[in-house]
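These notes are about the structure you will find just below.
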Amino acid sequence: MVKSMTGYGRAEKTISGRTITAEVRSVNNRYLDCNIRMPRLYLFAEEGMKSLVQGTISRGKVDVFLTVVNNEGEALSVKVNEALAKSYLAALRRLRELDGGGQVEWIVPVTQLARFQDVLTVEKQEEDTERAAQEISAVLAEALADFDQMRAREGEKLKEDILSRAAVIEEKVALVEERSPQTVSEYRAKLEARMNEVLSNTQLDPARILTEAAIFADKVAVDEETVRLRSHIGQLREMLDKGGAIGRKLDFLIQEFNREANTIGSKCGDIDIARQVLDIKAEIEKIREQVQNIE
């Protein structure tokens, strides 16, 4: 399957009292460039997120946006510093002894003891990072699936456009192949007429005319170039049918398209062939622009 490098995907899910939202956007780029924006509190999940992105995308500038909202507020707990509380009690007993306390049992109210500094502390419950990372990755995987579907749809459109332009190039190549032998015949006729005009009183040497025509034919022959161009079109179709990360290979192949078209243009001085070559190069350029969007 052919995929575009541009796309967008989004997923949102509430898990373990948290609403996790993941968004993925990408544009064209020569290599994979992944940038993840997420709350600092969940940076422990970043490595796993990057691995997921790399497993789905091979090329493009990718931006991942992650938001996490805790619906139940922060998980807090109150802890008793038992050692400190006992130390306070011991100190209070000592003070009573120093004050000459009587025989009546002495009780320190718990509320009074709780007021002493650091006896009671409020702490945030420790995050289960492994579980949280798995939940974040699960939401990101859904966003990537949505993102990938969009890229596949765009890729199918690119494939259709490229194939239609390749068909046009084939038609133009056929016209070049049809016209090329005619230029040799026309050249031979013109050469013979010119020599008749110059050497009006002298018998022409047919061998000389054949030799000149053969030299001309060799100079303007484009059979090798058109055969290679047809072969490149065949490769283009095969690669598009196979799919996958073929963007770089297609880019190289289109350079070969241009090379053959330029060679044909440089060999042929015929105006009709020149028109076909211009049309071929215009289609190649349009294909090249579309290839830049393929992963």
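Residue by residue, here is whether (1) outside the structural domain of residue 63 (by TED's automatic domain parsing); (2) touching a Gly at 6+ places or on another chain (Cβ under 8 Å); (3) hydroxyl-bearing (Ser, Thr, Tyr) holds:
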{"site": "132", "(1), (2), (3)": "no, no, no"}
{"site": "137", "(1), (2), (3)": "no, yes, yes"}
{"site": "144", "(1), (2), (3)": "no, yes, no"}
{"site": "147", "(1), (2), (3)": "no, yes, no"}
{"site": "158", "(1), (2), (3)": "yes, no, no"}
{"site": "165", "(1), (2), (3)": "yes, no, no"}
{"site": "169", "(1), (2), (3)": "yes, no, no"}
{"site": "173", "(1), (2), (3)": "yes, no, no"}
{"site": "178", "(1), (2), (3)": "yes, no, no"}
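Quick check on my filter: what residues within the stretch 77-89 are surrounded by 10 or more Cβ atoms within 10 Å (Cβ to Cβ) and either modelled with pLDDT under 65 or part of a helix (DSSP H, G or I) (or both)?
84, 85, 86, 87, 88, 89
One residue is enough: does the stretch 140-159 have a residue meeting the conditions surrounded by fewer than 15 Cβ atoms within 10 Å (Cβ to Cβ), within 55 Å of the chain's Cα centre (by Cα) and modelled with pLDDT under 65?
no
Scan 74, 97, 46 and give me the residue that is within 30 Å of residue 132 (Cβ to Cβ) and modelled with pLDDT under 85.
After ruling out the rest, the residue left standing is 74.
Could you grab me the full set of residues in the stretch 22-51 that are aromatic (Phe, Trp, Tyr) and within 26 Å of residue 245 (Cα to Cα)?
The answer is 31, and nothing else.
Could you tell me which of the residues 26, 16 is loosely packed, with under 13 Cβ neighbours inside 10 Å, in contact (Cβ under 8 Å) with a residue 24 or more places away in the chain, out of contact with any Phe, Trp or Tyr (no Cβ under 6 Å at 6 or more places or on another chain) and assigned by TED's automatic domain parsing to the domain that holds residue 141?
Numbers: 26 fails: loosely packed, with under 13 Cβ neighbours inside 10 Å.
It is 16.
The values are calculated or read from the model by the stated rules, or taken from the named source; none is laboratory data. The structure displayed is predicted, hence computed values, not measured ones. Every residue, glycine among them, receives a Cβ derived from its backbone with ideal geometry; neighbour counts consider all protein chains shown.
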